[in-house]
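Only one structure is covered here, and it is reproduced in the block below.
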Amino acid sequence: MNKSMMKEEVTKHLTENIIPFWKALRDDTYGGYYGYMDYDLNVDKKAEKGCILNSRITWFFANAYILLKDETLLDEARHGYEFLRDHCIDKENGGIFWSMTYDGKPLDTTKHTYNQAFCIYALSSYYDASGDEEALKLAKELQLLIESKCTDEVGYLEAFTKDFQPESNEKLSENGVLAEKTMNTLLHVFEAYTEFYRVSHDEEVGERLKWIMDVFADKVYNPKLKRQEVFFDKNYNTIIDLYSYGHDIETAWLMDRGVEVLGDAHYKEKMSPITETLAENVYKVAFDGHSLANECCKGEVNDHRVWWVQAETVIGFLNEYQKHPQKENFLEASEAEWEFIKEHVIDKRTGSEWFWEVNPDGSPIADRPIVEPWKCPYHNGRMCMEVIRRL
């Protein structure tokens, strides 16, 4: 496949599938977007509305508007923004809740650092799309809140009660461990701060980006195993042997993006060898020529093909090829992954979007929902937009 053909296919998929699908989930009665669609494509209009889901949808429509300049997309972004502003952000204690009832009342009042970050990500992009200063002001308030309430001297803490008392981190722990710090939260604070810095050039945030990169390089990245560790105790000692292929390929390009936005030569020099190694190693260990396995826990590979992992693989491999055009295997891998997504991960049923996960042979794993608090247009929508911008 040539690059222009891939770009064409991805553009068509974004404009004819992903965008209309999410537009159709808009809730004009209670605000935001419907929170759940099951495997059989039934929408539950009374399901909880995840705040991460609504932040990511807002982020998606804001970026789609910036790219495509279609006014209806700005209207969707505004609709998402108003729900975040009016319902999801806690006026009393600050910060954004975990989830709302279908009619916009606080449901799960946990304050999670990861969730604060996604709201900053959405607000920053919405500000870029709309020029609405209020969104930038709210993003700054959340950023200051993360720094004052969700941080210790070694890194970012995870979960809190609604008035910011520490709480155990069930929400971002998996694989039978309870983590006091996670690579995932650190990564997404970095991603949110990158976007906030891009639109504001806030010097304080630029300094935090550097600090996060140091933590990544010195504590999260494992040079011996050429991967990131995933779950940690409070001092960033790893607590499980886990290799998250999807997070490594996502980190590879998000770190490069952060370095580029920051424009600091020292950090480029520090981070580039790490991001290159992450991409190279994932390619070697987890890519089978057409798609990427999920993770390897204590030596056991989970070979399900998860929607977001496939999307990040397209961008991560394309990014590595762009840095080193002589590495044509990365371009080929990115194109092969897109072929796999097109054939197997995109759900061809009318009124659907992407399957949550499929087997290595591409057969869908039934019973996983099409939309729920984590299943959103952020990974696959972003993949489309990145491919369009990069090619």
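The values are calculated or read from the model by the stated rules, or taken from the named source; none is laboratory data. Computed from a predicted structure; not experimentally measured. Glycine also receives a Cβ, built like all others from the backbone with ideal geometry; neighbour counts cover every protein chain displayed. For accessibility, only protein heavy atoms count, side chains too; no ligands or nucleic acids. Shrake-Rupley method; radii C 1.70, N 1.55, O 1.52, S 1.80 Å.
Looking across TYR65, TYR81, one residue alone is open to solvent by 10 Å² or more (accessible area, probe 1.4 Å) and modelled with pLDDT of 95 or more. It is TYR65.
Could you please find all residues in region 134-160 being assigned to a loop (DSSP other than H, G, I, E, B) and either of a type in the set (S, T, N, Q) or within 20 Å of the chain's Cα centre (by Cα) (or both)? Can you show your working first?
First pass over region 134-160, keeping only residues assigned to a loop (DSSP other than H, G, I, E, B): 150, 152-155, 157-158.
Passing the criteria: CYS150, GLY155, LEU157, GLU158.
Selection of region 284-307 for residues being over 30 Å from SER352 (Cα atoms) and not in a strand (DSSP E or B) yields LYS284, VAL285, LYS298, GLY299. Of all residues in region 284-293, those satisfying the criterion of being surrounded by fewer than 20 Cβ atoms within 10 Å (Cβ to Cβ) and of a type outside the set (A, V, I, L, M, F, W, C) are LYS284, ASP288, GLY289, HIS290.
Report, by residue number, each residue of region 223-252 that is farther than 20 Å from ALA293 by Cα and either exposed (fewer than 14 other Cβ atoms within 10 Å of the Cβ) or charged (D, E, K, R) (or both). If you could, list the steps in order and put the result at the bottom.
At the first step, the residues of region 223-252 found to be farther than 20 Å from ALA293 by Cα are 223-224, 232-239.
Within region 223-252, PRO223, LYS224, ASP233, LYS234, ASN235, ASN237 qualify.
Report yes if some residue within region 91-101 is closer than 24 Å to GLU203 by Cβ, open to solvent by 10 Å² or more (accessible area, probe 1.4 Å) and part of a loop (DSSP other than H, G, I, E, B); otherwise report no. Within region 91-101 (the criterion being closer than 24 Å to GLU203 by Cβ, open to solvent by 10 Å² or more (accessible area, probe 1.4 Å) and part of a loop (DSSP other than H, G, I, E, B)), the answer is yes, since at least one residue qualifies. Of all residues in region 1-38, those satisfying the criterion of being within 24 Å of ILE89 (Cα to Cα) and open to solvent by 40 Å² or more (accessible area, probe 1.4 Å) are LYS23, ARG26, ASP28, THR29, TYR30, TYR36.
Among all positions in region 266-281, there is at least one residue which is open to solvent by less than 30 Å² (accessible area, probe 1.4 Å), under 20 Å from ASN380 (Cα atoms) and modelled with pLDDT of 95 or more. The residue of region 247-291 that is farthest from HIS324 (Cα to Cα), among those that are basic (Lys, Arg) and in contact (Cβ under 8 Å) with a residue 24 or more places away in the chain, is LYS270.
Just one of (1) in contact with a strand residue (DSSP E or B) (Cβ under 7 Å, 6 or more places away or on another chain); (2) assigned to a loop (DSSP other than H, G, I, E, B); (3) under 23 Å from VAL309 (Cβ atoms) fails for TYR236. It is (3). For region 344-359, the set of residues classified as in contact with a Phe, Trp or Tyr (Cβ under 8 Å, 6 or more places away or on another chain), touching a residue at least 40 places away in the same chain (Cβ under 8 Å) and in a loop (DSSP other than H, G, I, E, B) consists of GLY351, SER352, GLU353, PHE355, TRP356, listed by residue number.
Quick one: in region 146-166, which of the residues that are farther than 14 Å from VAL215 by Cβ and small (Gly, Ala, Ser) is most open to solvent (accessible area, probe 1.4 Å)? That would be SER148. Restricting TYR121, TYR127 to those that are touching a helix residue (DSSP H, G or I) at 6+ places or on another chain (Cβ under 7 Å), open to solvent by 40 Å² or more (accessible area, probe 1.4 Å), part of a helix (DSSP H, G or I) and within 21 Å of GLU203 (Cβ to Cβ) reduces the list to TYR127. Restricting attention to region 217-246, the residues that are without any contact (Cβ under 8 Å) to a residue 12 or more places away in the chain and within 30 Å of HIS201 (Cα to Cα) total 1. Quick check, is TYR193 part of a helix (DSSP H, G or I), of a type in the set (Ser, Thr, Tyr), at pLDDT 95 or above and open to solvent by 10 Å² or more (accessible area, probe 1.4 Å)? No, not satisfied. If GLU174 satisfies every condition in (1) without any contact (Cβ under 8 Å) to a residue 60 or more places away in the chain; (2) within 19 Å of ALA279 (Cα to Cα); (3) open to solvent by 40 Å² or more (accessible area, probe 1.4 Å) but one, which is the exception? Going through the list (1) without any contact (Cβ under 8 Å) to a residue 60 or more places away in the chain; (2) within 19 Å of ALA279 (Cα to Cα); (3) open to solvent by 40 Å² or more (accessible area, probe 1.4 Å), GLU174 breaks only (2). For region 121-146, a tally of residues being under 14 Å from LYS111 (Cα atoms) and not hydrophobic (A, V, I, L, M, F, W, C) returns 1.
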